[in-house]
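The values are calculated or read from the model by the stated rules, or taken from the named source; none is laboratory data. Please read all numbers here as calculations on a predicted model, not as lab measurements. Cβ placement follows ideal geometry from the backbone for every residue including glycine, while neighbour counts extend to all protein chains displayed. For the accessible areas, the whole protein counts, side chains as well, though only heavy atoms, and no ligand, DNA or RNA atoms are used. Shrake-Rupley method; radii C 1.70, N 1.55, O 1.52, S 1.80 Å.
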Amino acid sequence: MFYLLDIIGTCAFAVSGALTAMNKKLDPFGVFIIAFVTAVGGGTLRDILIGRTPVGWMRDLNYVYLIILGYFLAIIFRKKLDRLRTSLFLFDTIGLGVFTLIGLERGLDTNLHPVICIALGTMTACFGGVTRDILCNEIPVVFRKEIYATICIIGGILFFILKRWNLDNNVLYLIVSSVMITIRLMAVKFKWYLPALEPK
Amino acid sequence: MFYLLDIIGTCAFAVSGALTAMNKKLDPFGVFIIAFVTAVGGGTLRDILIGRTPVGWMRDLNYVYLIILGYFLAIIFRKKLDRLRTSLFLFDTIGLGVFTLIGLERGLDTNLHPVICIALGTMTACFGGVTRDILCNEIPVVFRKEIYATICIIGGILFFILKRWNLDNNVLYLIVSSVMITIRLMAVKFKWYLPALEPK
Amino acid sequence: MFYLLDIIGTCAFAVSGALTAMNKKLDPFGVFIIAFVTAVGGGTLRDILIGRTPVGWMRDLNYVYLIILGYFLAIIFRKKLDRLRTSLFLFDTIGLGVFTLIGLERGLDTNLHPVICIALGTMTACFGGVTRDILCNEIPVVFRKEIYATICIIGGILFFILKRWNLDNNVLYLIVSSVMITIRLMAVKFKWYLPALEPK
């Protein structure tokens with residue numbers, strides 16, 4: 001179940017990376033690299049920081065195949081993506097929830113403090129998108145719009161609160177990711193965003 | 001003493017990151033991430049390159065708290081920062097000296113050649129600012145203005161020259177950081193800078 | 001022989017980095033850093049991802065000396081580089097072939113799957129240039145023009161096909177790098193490039 005969601009999330013992130021890169025008129029190789037980096041960037045940074053090497057996608061080729069799948073899906077359906085935008089957004093939101101949970105669990109495996117685990121969860125979910133935007137020469141969207149990363153932090157805090165109740169792991173994951181997905185859907189529907197902090 | 005200076009440096013770097021990010025009109029989360037990265041980016045890159053994982057700030061939560069402190073200081077005093085510019089510059093300069101020394105010591109601990117240790121010291125002091133500028137979509141200021149990194153290299157060379165005299169470590173640190181701070185203050189006062197190397 | 005080519009490649013990459021940085025009117029330190037990163041960036045990322053730390057250039061000072069050499073060559077000959085452009089391009093192409101082979105071998109040493117080894121080879125050859133372009137605030141040229149990375153992938157596939165024949169390693173290296181160099185020379189001569197993938 002968890003692995004299935006991870007697969008959907010990886011694939012959705014790859015599609016979102018490929019679409020951004022095609023908007024920048026990159027060549028097919030550039031589009032593939034951006035798709036790859038968007039999908040595995042967050043987990044890779046996390047694994048490097050905690051010293052879990054070779055990093056995840058090097059040990060499990062399924063990630064590579066999924067990204068290739070997402071890449072071709074994006075190319076094939078790129079003319080119809082206006083109609084698919086809603087499904088893509090939904091997959092991306094599932095990825096957000098799942099990737100945060102994976103980051104939290106990796107942090108716990110490494111015996112890190114909850115605060116650091118939440119940082120790892122947020123990083124796993126957000127850093128792929130940050131790298132995508134840096135490679136496309138833009139200020140990362142996660143720093144400017146939507147309450148994307150804030151949702152990861154809320155999810156992380158909820159995770160540690162519920163953790164104390166000794167819930168079954170699957171129940172815990174289900175609750176945390178449902179709450180995160182709900183907040184994101186409401187955030188987009190009702191246009192919640194953080195105001196910019198201006199210097200003066 | 002050393003630890004105290006490290007604290008001041010971390011906090012000053014966080015403030016400087018937060019201010020840059022607010023100038024770019026990022027949202028509060030973006031500002032926090034830029035503050036974080038500016039403060040720990042150099043040490044993180046150093047730790048990754050020498051294989052000292054989990055990286056420093058994951059093992060000592062004090063860094064996280066200091067960055068949160070710097071973040072709120074920057075937000076609260078952002079309207080008064082013209083008056084505080086001098087103190088901020090001073091803290092930043094102290095950070096420059098201390099971070100270089102920490103990088104040098106980590107290199108020695110890993111039994112690396114003095115040339116590599118100087119590279120690590122320079123990296124620890126400068127890379128946070130480089131990442132800050134990349135995330136804000138600018139050519140890193142350290143590559144364009146001021147003789148910032150050059151001071152780190154001078155400090156590193158001085159460190160290894162003095163090291164031969166078997167000075168007490170505290171005396172050694174004090175001399176090296178005083179020299180670096182003095183050079184920077186003079187560099188800014190007398191507008192020393194390296195001329196651009198133009199292609200033709 | 002292999003080591004000699006590695007030396008030529010490192011030096012050529014350092015020259016290419018220094019030239020790009022001088023075009024951006026960076027100061028001498030900035031130019032040096034860009035030269036350094038262009039030359040060792042790919043190998044450094046590869047070593048970090050597979051957990052081979054301290055990374056390569058920290059263990060063998062010859063890389064540092066070669067980069068310093070390339071840096072000064074670029075500065076001294078910068079006014080005559082129009083005439084030297086062909087030799088520079090040739091060195092860069094040799095670097096491309098050699099760096100790909102080094103990446104492939106490191107992947108095999110770490111017992112990684114051929115697909116991952118090819119990714120490591122491509123990364124070793126291309127990531128230095130990617131970092132150079134990010135630091136200079138441009139969309140990486142490898143994502144936009146020329147069939148640079150595609151050649152690395154072709155070379156990698158050829159490497160594993162030939163590997164099955166139990167050729168002598170030197171013969172294997174020679175064939176793979178000759179094929180890669182030939183393709184690149186022809187690609188530039190006949191203006192082969194990948195068309196941009198446009199969203200609509």
Leaving ligands and nucleic acids out of the surface, order A:E105, B:E138 by accessible area at 1.4 Å, largest first.
B:E138, A:E105
Copies of A:G56 compared via label points 7 Å along Cα→Cβ give distances in nm, shortest first, of 2.7, 2.7
Calculate the mean, over all residues of peptide B:97-105, of how many other protein chain Cβ atoms lie within 10 angstrom of the residue's Cβ.
0
With N denoting the number of residues in the range B:8-113, provide Rg(C-alpha) divided by 2.2 N^0.38 Å, to two decimal places.
1.12
Please give the calculated 222 nm ellipticity per residue for chain A, where each DSSP H segment of at least 4 residues contributes -39500 (n - 2.57) and the sum is spread over every residue; nearest 500 deg cm²/dmol?
-26000 deg cm²/dmol
at C:I161 the sorted inter-copy label distances (label 7 Å from Cα on Cβ side), in nanometres, are 5.9, 5.9
Stick to the Cα atoms of the range B:85-200, pair each with every other, and give me the Kirkwood hydrodynamic radius in Å at one decimal.
14.9 Å
Compute, for chain C, the length of the dipole vector about the Cα centre, with Cβ point charges of +1 (Lys, Arg) and -1 (Asp, Glu) only. Units Debye, rounded to 20.
560 debye
Shortest-first nm distances, C:I76 label point to equivalent points in other copies (7 Å, Cα→Cβ):
5.8, 5.8
Label-point separation in nm, A:S178 to C:I68, each point 7 Å along Cα→Cβ:
6.4 nm
5 angstrom amide H check on B:L194, placed H, neighbours 5+ away
B:E146
In whole Hz, with x marking every Gly and Pro, tabulate ³J(HN,Hα) for the range A:123-134 from phi via Karplus 6.51 cos²θ - 1.76 cosθ + 1.60, θ = phi - 60°.
4, 4, 7, 9, 5, x, x, 5, 5, 3, 5, 5
Before anything else, pin down the relative contact order of the range A:105-175: Cα pairs under 8 Å, at least 6 apart, normalised by residue count, whole percent.
26 percent
Charges on Cβ only, +1 for Lys and Arg, -1 for Asp and Glu, centred on the Cα centroid of the range C:2-189; of C:G9, C:S87, C:H113, which one is farthest towards the dipole's positive end?
C:S87
Along each principal axis, Cα extent of the range A:2-189, largest first, Å
49, 40, 30
Considering all alpha-carbon pairs of the protein assembly as shown, what whole percent are spaced by more than 31 angstrom?
51 percent
Per residue, how much accessible area does chain B show when a 1.4 Å probe rolls over the protein heavy atoms, in square angstrom?
44 Å²
Considering amide H positions built from the backbone, and no H for Pro or chain starts, which residues 5 or more places from C:K24, or on another chain, come under 5 Å of its amide H?
none
Can you give the mean number of other chain Cβ atoms that lie within 10 Å of the Cβ atoms in peptide C:29-37?
5
Which ³J(HN,Hα) values in Hz, rounded to whole numbers, follow from the phi angles of the range A:34-43 under the Karplus curve 6.51 cos²θ - 1.76 cosθ + 1.60, where θ = phi - 60° and Gly and Pro get x?
5, 4, 4, 5, 4, 6, 10, x, x, x
Using a simple charge model, +1 on the beta-carbon of Lys and Arg, -1 on the beta-carbon of Asp and Glu, nothing else, what dipole does the protein assembly as shown show about its Cα centre, in debye to the nearest 20?
1600 debye
So which of B:K79/C:K25; B:K191/C:K25; B:K24/B:K191; B:K80/B:K189; B:K163/C:K24 end up more than 28 Å apart, counting from Cα to Cα?
B:K79/C:K25; B:K163/C:K24
Mean Cα-pair separation over length for chain A, i.e. relative contact order, pairs under 8 Å, 6 or more apart, %
23 percent
In nm, to one decimal, how far is the B:I157 label point from the A:D60 one, both placed 7 Å along Cα→Cβ?
5.1 nm
Order of exposure, largest accessible area first, which applies to B:R85, C:R184, A:R78 with probe 1.4 Å
B:R85, A:R78, C:R184
Apply the Karplus parameterisation 6.51 cos²θ - 1.76 cosθ + 1.60, with θ equal to phi minus 60°, to every residue of the range C:23-31 and state each ³J(HN,Hα) to the nearest whole Hz, in sequence, with x for glycine and proline.
4, 8, 6, 6, 7, x, 5, x, 4
Nearest 10 degrees is fine. How inclined is helix A:148-163 to the longest principal axis of chain A, computing both from alpha carbons?
30 degrees
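Subtracting the Cα-Cα distance from 0.36 nm times the residue separation, let me have the gained length for A:T86 to A:L185 in nm, one decimal.
Fully extending the segment from A:T86 to A:L185 adds 34.5 nm.
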Using just the C-alpha positions of the range A:68-138 as equal point scatterers, what log10 of I(q)/I(0) does the Debye formula give at each q in 0.20, 0.26 1/Å?
-0.92, -1.10
Please name which of A:Y65, A:T44, A:G30 has its Cα lying farthest along the dipole of the protein assembly as shown towards the positive end, using unit charges on Cβ (Lys, Arg +1; Asp, Glu -1) and the Cα centre as origin.
A:G30
Counting other Cβ atoms within 10 Å, which trypsin sites (Lys or Arg not before Pro) in the range A:117-163 have at most 16 and lie in a DSSP loop?
A:K145
